[in-house]
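Reviewing the structure listed below.
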Amino acid sequence: MSVSTIAIPLDQLTRIGLRQNHTLHYQLTPEELVQDTLRLNEGILNDTGALVIRTGEFTGRSPKDKFTVKDEITADTVHWNEFNIALDEKYFHIIHKKIVDHLNSRNELWVRDAFACADPRYRISIRVVNEQPAINLFAHNMFLRPTEAQLDHFSPDWHILSAPGLRLDPEECGTRQHNAAVISFKHRTILIAGTGYTGETKKGIFSVLNYILPQDKGVLSMHCSANMGSKGDTALFFGLSGTGKTTLSADPQRMLIGDDEHGWTNNGIFNFEGGCYAKCIDLSEEKEPEIFHAIRPGALVENTVFYAGTSKINFADKSITENTRVSYPLDFISNAKEPAMGNLPANIFFLTCDATGVLPPVSRLTPAQAMYQFISGYTAKVAGTEAGVTEPKSTFSACFGAPFLPLHPGKYAAMLGEKLRKHDVKVWMINTGWSGGGYGTGSRMKLNYTRAMITAALEGKLEEVEYACHPVFGMAIPQSCPNVPAELLNPRNSWTDKAAYDAAARNLAQQFITNFEKYAAGVQPEILEAAPRI
């Protein structure tokens, strides 16, 4: 058997049904995993030494094929909806057996033990079993990496069994089609079949933590990035995929806590992960130097294309998908904070990629407006992050992360509201989307302007400027901002056709109001008063 210097936990693996009649690779180094991937012709190195793979049929998450087992634990606690799709426990056992049988049929398996949650008070231990070494490398990069001493007594709280090569029979397995990602809280197991998209692994654990931490530990789990300034001031960046969480939190002037998943305790912030999973589309050294330089030996790049006749990545090429990605350990970022924990936040930024071009590029929210916007979770689904999305489409995702929230959005919103009031946190909305018109007419907000707005807010330079109230949405719009043209700040002024802007604003406002109807019965009157006015 191919092993690291650490003994393989054979007895524990036998208990989940895995036999010992094949080669088990346990806790391999990134270099060994890269060599295994190359040996199996499942990847290739680029000119900077990063491993480049293709994930196959699925280049993004498949939310309609994500299931939660409905049992005595989840029946009355999970908020069953289009994202939390119930699966009868009998199907979990059928799929589990099929995955175990499939893994047992392979000549080689890769096993990795890891942790999630940088705060040791809330840490969970995870065992990942893969049939592909590249996905094991992803787990190495994205989860927290135990020391050899910690591995001596490692006992997994959760298992992830990944079988991209297994196609399920939907009728037999209770699924929609041949692929599925299944979470069982009772069996503390995540099953992944029929998809090689690595993001299913990380988002499975994120969904687990979004249940465990608020429900059992009183900790607010959040779909956000976080960084900390030299004075210890922490900032949070909420937003769905494609809104800029990873890019905007990778600020060379601030220490990176994490780029996607965090918890908020009574005394601070902590990262769930040990790595970053950044979008690569149109990546450049000039715009995103930290991410660009993270593409080096040990990094895993997905679904990119080389320039013809070279091993240099063409980051503008969208021929496979717009959702090109790279995963790398957090310490690949030069100013990553270790441990990945921070103080209570001083500023929160809600990031939206507004495809209508209606919302201002920067605005300040009252606590009531912040709660309304958090529950609404407005953005545009950006091409590539989910199967079938090819151009921006307006969407509302409660708490900026509805696909990953097992509990009712009101639970997370109530916890956030309490923390905003208790700690007097400033909340800003940042539109990283379109200006001067909607998608197809206007232009995407320049990254350097967005960075300038965020820097101004963090440095207190927007405290003394004049503000104007948006006539429809009510947020306060600064009339000036360092290093940003004033004409961009009020979105109506950036449109040539003012009547078209007014019509677009009314239309978007109606979408907000219609979407919020399903939450209205469970929120305070002040939040309802923060709705846009038509």
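The values are calculated or read from the model by the stated rules, or taken from the named source; none is laboratory data. Note that the structure is predicted; figures quoted are calculated from it, not measured. Neighbour counts run over all protein chains shown; Cβ positions are idealised from the backbone, glycine included. Surface areas here come from the heavy atoms of the whole protein model, side chains and all, with no ligands, DNA or RNA. Shrake-Rupley method; radii C 1.70, N 1.55, O 1.52, S 1.80 Å.
Values computed for the structure shown
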{"read-out": "Count of the stretch 484-497 residues which are surrounded by 12 or more Cβ atoms within 10 Å (Cβ to Cβ) and either within 19 Å of Glu459 (Cβ to Cβ) or within 31 Å of the chain's Cα centre (by Cα) (or both)", "value": "5"}
{"read-out": "Flag for Glu42 being part of a loop (DSSP other than H, G, I, E, B), loosely packed, with under 15 Cβ neighbours inside 10 Å and not aromatic (Phe, Trp, Tyr)", "value": "no"}
{"read-out": "Within the stretch 15-39, considering residues that are open to solvent by 70 Å² or more (accessible area, probe 1.4 Å), over 22 Å from Arg145 (Cβ atoms) and of a type outside the set (Lys, Arg), the one farthest from the chain's Cα centre (by Cα)", "value": "Asn21"}
{"read-out": "Among residues of the stretch 258-303, those that are within 30 Å of Lys217 (Cα to Cα) and among the small types (Gly, Ala, Ser), counted", "value": "6"}
{"read-out": "Unique match (being open to solvent by 10 Å² or more (accessible area, probe 1.4 Å), closer than 29 Å to Ser105 by Cα and not small (Gly, Ala, Ser)) among Thr175, Thr195", "value": "Thr175"}
{"read-out": "Number of the exception - Phe58 against (1) aromatic (Phe, Trp, Tyr); (2) closer than 30 Å to Lys217 by Cα; (3) in contact (Cβ under 8 Å) with a residue 60 or more places away in the chain; (4) not in a helix (DSSP H, G or I)", "value": "(2)"}
{"read-out": "Positions within the stretch 390-417 being part of a loop (DSSP other than H, G, I, E, B), at pLDDT below 90 and open to solvent by less than 30 Å² (accessible area, probe 1.4 Å), in sequence order", "value": "Pro392"}
{"read-out": "Subset of the stretch 408-464 [of a type in the set (Gly, Ala, Ser) and under 22 Å from Lys381 (Cβ atoms)]", "value": "Ala413, Gly433, Ser435, Gly436, Gly437, Gly438, Gly440, Gly442, Ser443"}
{"read-out": "Flag for Ala370 being open to solvent by 10 Å² or more (accessible area, probe 1.4 Å) and either more than 21 Å from the chain's Cα centre (by Cα) or among the aliphatic types (A, V, I, L, M) (or both)", "value": "no"}
{"read-out": "Spans of helices (runs of 4 or more DSSP H) in the stretch 418-534 with at least 3 residues touching a residue at least 12 places away in the same chain (Cβ under 8 Å) and within 19 Å of Ala346 (Cβ to Cβ)", "value": "447-458"}
{"read-out": "Residue ID - least open to solvent (accessible area, probe 1.4 Å), chosen from residues in the stretch 299-340 that are under 22 Å from the mean Cα position of the chain (by Cα) and over 22 Å from Thr198 (Cα atoms)", "value": "Ala340"}
{"read-out": "The stretch 136-150 residues that are more than 19 Å from Gln35 (Cβ to Cβ), paired with ones that are in a helix (DSSP H, G or I) (beta carbon under 7 Å, 6 or more apart)", "value": "Met142/Lys202"}
{"read-out": "Qualifying position, being in contact with an Asp or Glu (Cβ under 9 Å, 6 or more places away or on another chain), touching a residue at least 60 places away in the same chain (Cβ under 8 Å) and among the β-branched types (Val, Ile, Thr), among Val111, Val100, Val129, Val69", "value": "Val69"}
{"read-out": "The stretch 125-170, residues that are within 26 Å of Lys186 (Cβ to Cβ), in a loop (DSSP other than H, G, I, E, B) and small (Gly, Ala, Ser)", "value": "Ser155"}
{"read-out": "Flag if Thr48 is in a strand (DSSP E or B), polar (S, T, N, Q) and either farther than 21 Å from Asn141 by Cβ or open to solvent by 50 Å² or more (accessible area, probe 1.4 Å) (or both)", "value": "no"}
{"read-out": "Any hit, the stretch 458-476, residues being of a type in the set (Phe, Trp, Tyr) and open to solvent by less than 30 Å² (accessible area, probe 1.4 Å)", "value": "yes"}
{"read-out": "Qualifying residue in the stretch 289-296 (condition: more than 23 Å from Leu458 (Cα to Cα), buried (at least 21 other Cβ atoms within 10 Å of the Cβ) and more than 15 Å from the chain's Cα centre (by Cα))", "value": "yes"}
{"read-out": "Residue in the stretch 341-354 that is buried (at least 22 other Cβ atoms within 10 Å of the Cβ) and touching an Asp or Glu at 6+ places or on another chain (Cβ under 7 Å) present", "value": "yes"}
{"read-out": "Output for the stretch 421-469, where each listed residue is closer than 20 Å to Met228 by Cβ and of a type in the set (Ser, Thr, Tyr)", "value": "Thr450, Thr455"}
{"read-out": "Flag if Phe58 is farther than 20 Å from Thr189 by Cα, aromatic (Phe, Trp, Tyr) and modelled with pLDDT of 95 or more", "value": "yes"}
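Here's the yes/no breakdown for (1) open to solvent by less than 10 Å² (accessible area, probe 1.4 Å); (2) part of a helix (DSSP H, G or I):
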position	(1), (2)
Gly204	yes, yes
Val208	yes, yes
Ser221	yes, no
Lys231	no, no
Leu240	no, no
Thr246	no, yes
Asp251	no, no
Gly263	yes, no
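Table: residues versus (1) of a type in the set (S, T, N, Q); (2) out of contact with any His (no Cβ under 7 Å at 6 or more places or on another chain); (3) without any contact (Cβ under 8 Å) to a residue 60 or more places away in the chain.
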residue	(1), (2), (3)
Leu161	no, yes, no
Val182	no, yes, no
Ala193	no, yes, no
Tyr211	no, yes, no
Met222	no, no, no
Ser241	yes, yes, no
